[in-house]
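Asker: Structure below; questions to follow.
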Amino acid sequence: MPTASEPVDGFAAPYRLAFAAFAALLVATWWRPQWPAEQALHHSLTLLALVALVVVQRRRPLPFGSFLLVLAFLALHTVAARWIYSFVPYDDWFDALFGWRPADAFGWRRNHFDRLVHLAYGLCVAPVVCRHLCEVRGWRPGRAATRAIEVVLSTSAAYELFEWAIALTLAPGAAEAYNGQQGDVWDAHRDMALATGGAALAVAVVVARCRWRPGQSGPAQSGPAQSRPAGESVPASRRV
């Protein structure tokens with residue numbers, strides 16, 4: 001993984017096209033909303049994320065792959081917010097497409113789309129953070145991966161606390177609808193665990209790709225070390 005990325009245009013045509021696709025999805029999910037108040041509440045953080053994304057693209061644009069990962073997570077969150085997480089009809093979608101219902105097959109008694117979104121948070125955000133730390137900050141891949149996992153875990157915990165604070169201001173029924181616990185008292189713990197697990201898996205792939213660079217047969221040269229004349233230093237490009 002290079003220590004410095006080439007300058008990119010954060011508002012080039014591919015970026016605009018991807019953002020337009022996400023915007024179209026966002027608008028479509030607001031067609032005749034069933035729970036407009038709760039949906040708007042879920043999108044309070046979506047708005048902050050989009051503002052932050054635009055600021056980042058103006059100052060230090062993300063690589064296109066990282067940009068797509070951010071939008072992919074926001075797209076999943078947008079779909080979940082449409083049905084306030086607890087009522088996403090994925091069983092009906094699978095039944096219509098494949099004649100198969102996951103809830104019946106696995107014996108699920110709750111809607112698990114929220115679990116998917118939390119897992120996707122780790123899978124999508126951790127690589128973006130890891131790549132930024134490696135390419136822009138010049139961090140070693142292992143250190144960057146560890147910090148990316150820490151970022152996902154800490155922000156997941158902060159989000160659960162944010163949800164809890166919002167729930168305290170709502171009536172019990174509205175709080176349950178917003179939080180989407182669906183009777184699971186360990187919901188927050190499982191959500192954070194999934195996000196952290198997704199982050200660990202994602203950065204493992206990033207680090208593996210970083211070590212298996214083109215032109216190498218493996219993560220490290222396995223041949224015998226070449227001898228050097230006494231007093232000759234190792235070039236900076238070969239130092240580990």
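The values are calculated or read from the model by the stated rules, or taken from the named source; none is laboratory data. Keep in mind that what you see is a predicted model, and the values were worked out from it rather than measured. Cβ placement follows ideal geometry from the backbone for every residue including glycine, while neighbour counts extend to all protein chains displayed. Quick note on the areas: whole protein, heavy atoms, side chains included, nothing else; ligands and nucleic acids left out. Shrake-Rupley method; radii C 1.70, N 1.55, O 1.52, S 1.80 Å.
Asker: Report the gain in length on full extension from Val8 to Ser154: 0.36 nm times residue separation, minus Cα-Cα distance, nm rounded to one decimal.
Answerer: So the extension gain works out to 49.6 nm.
Asker: Can I ask one more? What translational diffusion coefficient, to the nearest whole µm²/s, does segment 32-128 have by Stokes-Einstein, given a Kirkwood radius computed over alpha-carbon pairs, a temperature of 10 °C and 1.306 mPa s viscosity?
Answerer: After rounding, the answer is 106 µm²/s.
Asker: So, one more: With all protein chains present, how much of the accessible area of segment 122-168 (probe radius 1.4 Å) comes from carbon and sulfur, to the nearest whole percent?
Answerer: Answer for segment 122-168: carbon and sulfur cover 65 percent of the accessible area.
Asker: With the full set of protein chains in place, find how many percent of the accessible area of segment 17-81 is carbon and sulfur; take the probe as 1.4 Å.
Answerer: 75
Asker: Along Cα→Cβ, 7 Å out, is where each label goes; now give me the distance between the ones at Trp164 and Ala21 in nm to one decimal.
Answerer: About 3.8 nm, to one decimal.
Asker: Counting heavy atoms of the protein chains only and a 1.4 Å probe, report the per residue accessible area for segment 113-207 as a whole number of Å².
Answerer: Counting only protein heavy atoms, the per-residue value for segment 113-207 is 47 Å².
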